[in-house]
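**Student:** Got a structure for you, questions after.
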Amino acid sequence: MGTATESESMDSESTSTQEETFTKVSVWDLPDLPKGKLPPHIELQRTRVLCGSLAPTNTENVNYSGAYAAMGVDNSVRFEQFRNNFKVEIVRLEEDELEFDMVGIDPSLANAFRRILIAELPTMAIEKVLIANNTSIIQDEVLAHRLGLIPIEVDPRLFEYMSENDVPNEKNTIVFKLHARCTKGSDRLRVLSSELKWLPNGSELILGTEHPASSSSAKPKTYTSFSCSQDTLPEFSNDPIAPKDADIIVAKLGPGQEIELEAHAVKGMGKTHAKWSPVATAWYRMLPEVVLLRDIEDDEAEALVKKCPVKVFDIEDIGKGKKRATVAQPRVCTLCRECIREEGWDKNVALRRVNDHFIFTIESTGALPPEVLFTEAVKILEEKCERVITELS
Amino acid sequence: MEQCYDLGVEDLEQLSAAELHTPNSYLIILNGLILGKHKSPQRFANGMRKLRRAGRIREFVSIFVNDKQCCVYIASDGGRVCRPLVIAEKGVSRIKEHHMNELRNGVRDFNSFLRDGLIEYLDVNEENNSLIALYEKEATPDTTHIEIEPFTILGVCAGLIPYPHHNQSPRNTYQCAMGKQAMGNIAYNQLNRMDGLLYLLVYPQRPLLTTRTIELVGYDKLGAGQNATVAVMSYSGYDIEDAIVMNKSSLDRGFGRCIVMKKYAAICQKYKNLTSDRLIKPQRQGSEAEKMQILDDDGLASPGEIIRNRDIYINKESPTVTITQVTSPMGLPDSAYKSSRQTYKGTEGEPTVIDRVALHSDENNNLSIKFMIRQTRRPEIGDKFSSRHGQKGVCGIIVQQEDLPFSERGICPDLIMNPHGFPSRMTVGKMIELLGSKAGVSCGRFHYGNAFGEPSGHADTVDAISETLVKHGFSYNGKDFIYSGITGMPLQAYIFMGPIYYQKLKHMVLDKMHARGSGPRVMMTRQPTEGRSRNGGLRVGEMERDCLIAYGASMLIHERLMLSSDPFEAQVCRKCGLLGYYNYKLKIGICSMCKNGENMSTMKLPYACKLLFQELQSMNIVPRLKLTEA
């Protein structure tokens, strides 16, 4: 891409469209451009995705450093330049949701953050369920699966991964107990996630192989071997561990039914199972740019405003009873392409995306606040880069 | 019959041969028996129909005039499908506005419409005598009947299809067959029944795009599928030939999860000599203890236990003597019993759990014990799925969520379907279903897709759906701007994406996959057994053999057809050409015809071949082998 002949031919093409004249212009007659700057139409190709009415075009961005060498423009990424241009701006920060703008970064990097958020940030989730009694109609496996998907509000950084031959201890396991019973003669009972009670001292169920008589004096062996209670640890002493949402229905019990179980939560990553993903979803969209290619006035303007379901356009008075359409808030554009649906309107309105400006949204499940999740994701990417560098050197 | 004669049917017995063959008189046939003849069949049929509408004969009696055969068929027997239709006179419906008002006020019901001769039942034959208009406004003076509602033309299976009138007709036919294989809920008492084989869906949903039939048959209460967000695009090449790409995170969250239950039964038989089988306590120590882990003290597997291959699920013993009389039938010593315990033969993989144990007595008053065994399965590569438009496909690959494309609103598809499924199948209904469901989720109203429903308002039109989509910021054509999950850049096309109701069909790889190295053989031919249940071999059939012959791969044929199947070393007599036997004492082959072992040679041939020779010999045909030096 970007050889001398190609760019020159593009030159002539664009001039003809821009000036709406179809007279042939020699390449040599074109106006000179200041050095170090791309002609506007190539600059457009470099920085924008064009969203036509049939398909988006120009979706690939130009990575090659020498792509515009023929025009004397250096396309390489300079650290200085990146540092000056890169910008993060928080738009909206709620308890579980974060929307921010990330400007001046390559899509591959923005995507890397998204991927890490979904798949590689660890959280704690229930992995093992020891069922002592379950007389409800919900099957053991299904119950365990439902419990696994309940988000737990605990900082996973305080825990370690449990590998295959590890014994569950206070550093890698959180134990919950659930005991619900619907008494005979009463109404149907909903078992909510709030019934999951944290057991800071580990499991209370005695291991099956243990003989009760053999070690009456010593503490009987259970399914976990905690050396100390988790609530003596400073992190949890005044902040008991519990599910993030208290109103998730785990099961429904009919009269006389009972569920008694113990759930062991361990640390894991979203790529092994979605229950460990710390985000409901994380995604970005490129900043919409809506450009009116010509002045749209009066009735046409009214029609245009009416067309857009999300009110991208507005009308301004230009005096003499004339009205003109303006682009009021391009950011809300959902790309329904309603404004360019009608024949010929794609000559009036251009829908574009800025390919280095990302509107990033993180919906946290609640284990960590979304802003922490993002910084963690950055750390993980950093770690990965370092690993590559050390491997290479 | 009497009424027929009253209407002018002339009894057959009183007719002469000439009268019988007069050209313009019709035979009157009641349930295949000739009643007599009638001169003006149309008047007779109209009279009979009037009688039926008046309630003088039953509503399911059909009167059918067959002009070709010069017959009037009256049928009152069972087994004919009848459909109710509104009667029209000169193209005007008999049902008037005041009837409908009465219906609304609860004064009328269906039976009163029938009684008053406003509605009547037609069977397939009588339908051929009538001109049925779909809608009242389409009725012409010739119209005899008007449909109550066009979608009632279709039954339950076809009624579940949204927009079937936009599909190519074979697709609807396929779906009618496939809908029955879909997993879901079967009944409200499904967990109390002891079905032989039961496939249930863990999280069934009601379709986002419903039809009136769905509501009428209760499919929205006992669904058999899930609404999956489908992106119609190509992805990864593992989606060719109708295969679908699935999102791993969706599967993790319970999409397509199903429960398979299977019944195992055992009977505690009582015998003629008053002895009976008995259940005994399992051994808790010793060599057998491991296989009896899941047994309760009563010798039956306990519910909730995980059952593994070769586990015993019922520890039963049968008396050795069951026919001749014994002295004390109930107090037999332990030695008089032999073990007849039953072991579970399952495969490794998904854990299997005892779901329920039921005890009851059967028709011979024996104690019958039934075990329901349960497996919960998540979808895997090779499981079969289908939409409601006869578009089945197997899961070709399961992809991590982060690799899948995502939309402007962060929506990730649960399932990716290859667009090549559309042009040749012409299932436009599926596309409309996608649009309608998408509009449905955005505006919060279930959309309808009844058959022929657009004019009557029972189906949402594409225009209306598009309008809703636009109102909620989607493109009118349902195509979204999508980013690639791998590169992070936008895709070069807008992708048709939205929810489609998908059914999981009961054909799963876990039940079908099969391979074998060495294994059991059939006794007679010594060839490998056939079929998965017998751990059989995979056959190189005639056509495969043809290919190998054409290719000239003689060694491969030799290896497949003999060495890997039924090689046999035979002793052949060079003199008489018959098969001999090998004498292990003398360590030589002996020909039983020549009574000596002088001219014996050994050769390899398929055992089936040797069997053939011997069978031929048994019918007095002597096959002789002429051996030459190789």
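**Student:** Provide B:509, A:77 in ascending order of the number of other Cβ atoms located within 10 Å of each residue's Cβ, fewest first.
**Tutor:** A:77, B:509
**Student:** Take the alpha-carbon centre of segment B:565-630, take the same for segment A:277-356, and report the distance between them in whole Å.
**Tutor:** 92
**Student:** Calculated FRET efficiency, residue B:306 and residue A:393, Cβ-Cβ r, R0 60 Å, to nearest 0.05?
**Tutor:** 0.75
**Student:** What stretch of chain B, leaving out the sites themselves, is the longest with no GluC sites (Glu not before Pro) in a DSSP loop having at most 13 other Cβ atoms within 10 Å?
**Tutor:** The longest uninterrupted stretch comes out as B:1-240.
**Student:** For a 30 Å ceiling on Cα separation, which of these pairs sit above it: A:221/B:263; A:128/B:221; A:244/A:271? Can you show the working numbers first?
**Tutor:** Values: A:221/B:263 38 Å; A:128/B:221 32 Å; A:244/A:271 21 Å.
Distance filter (> 30 Å) returns A:221/B:263; A:128/B:221.
**Student:** Then there is this: Please determine, in degrees from 0 to 90 and to the nearest 10, the orientation of helix B:41-54 with respect to the longest principal axis defined by the Cα atoms of chain B, where the helix direction is its Cα long axis.
**Tutor:** Roughly 90 degrees between the two axes.
**Student:** Shielding of B:468-479 by partners, i.e. mean partner chain Cβ atoms within 10 Å per residue?
**Tutor:** Whole-number average of other-chain Cβ neighbours for B:468-479 is 4.
**Student:** Here's something else I'd like to know. When Cβ neighbours within 10 Å are restricted to other protein chains, what is their mean count per residue of peptide A:137-144?
**Tutor:** Working: counts 2, 2, 10, 7, 11, 6, 0, 1.
Other-chain Cβ atoms within 10 Å of each residue's Cβ, averaged: 5.
**Student:** While we're on this one: What does the charge count near residue A:309 come to, summing +1 for each Lys or Arg and -1 for each Asp or Glu among other residues with Cβ under 9 Å from its Cβ?
**Tutor:** +2
**Student:** For segment B:208-250 and segment B:335-399, write down the distance between their C-alpha centroids in whole Å.
**Tutor:** Taking the Cα centre of segment B:335-399 as reference, the centre of segment B:208-250 is 25 Å away.
**Student:** Another question about this same structure. If you build a Gaussian network model of chain A, linking Cα atoms that sit under 10 Å apart, which residue out of A:286, A:162, A:102 swings the most?
**Tutor:** Highest fluctuation among the options: A:162.
**Student:** Taking chain B as the reference, fit the longest principal axis to its C-alpha atoms, fit the long axis of helix B:607-618 to the helix C-alpha atoms, and give the angle between the two in degrees, 0 to 90, nearest 10.
**Tutor:** 90
**Student:** Just flag the GluC sites (Glu not before Pro) in segment A:97-130 sitting in loop per DSSP whose Cβ has no more than 16 other Cβ atoms within 10 Å. Spell out each step's value before the answer.
**Tutor:** Working: sites: A:97, A:99, A:120, A:127; in loops: A:120.
Nothing satisfies the criteria.
**Student:** Another question about this same structure. Assuming R0 = 56 Å, what is the FRET efficiency of residue B:112 and residue A:310, from their Cβ-Cβ distance, to the nearest 0.05?
**Tutor:** 0.55
**Student:** Going by C-beta contacts inside 10 Å, put A:198, A:283 in order with the fewest on the left.
**Tutor:** A:198, A:283
**Student:** Build a GNM of chain A with springs between Cα atoms under 10 Å: which of A:152, A:116, A:259 gets the top mean-square fluctuation?
**Tutor:** Of A:152, A:116, A:259, the Gaussian network model singles out A:259 as fluctuating most.
**Student:** Taking K and R as +1 and D and E as -1, what net charge do the other residues with C-beta under 15 Å from the C-beta of residue B:98 add up to?
**Tutor:** Result for the neighbourhood of residue B:98: +1.
**Student:** Something else about it: Helix B:169-178 versus the longest principal axis of chain B: what angle, 0 to 90°, nearest 10, using Cα atoms?
**Tutor:** Approximately 50 degrees, to the nearest ten.
**Student:** If I model a spin label at residue B:588 and residue B:327 as a point 7 Å from the Cα along the Cα→Cβ vector, what separation in nanometres do I get?
**Tutor:** Result for the modelled spin labels: 6.2 nm.
**Student:** Can you list residues whose amide H is under 5 Å from residue B:568's amide H, if they're 5+ apart or on another chain and H is modeled 1.01 Å from N?
**Tutor:** Under 5 Å from the amide H of residue B:568 lie the amide H atoms of B:605, B:607, each far enough along the sequence or on another chain.
A short reminder: the numbers here are calculations on the coordinates, not readings from a lab. In this text, all values refer to a predicted model and were calculated from it rather than measured experimentally. Cβ atoms come from the backbone with ideal geometry, glycine included; neighbour counts cover every protein chain shown.
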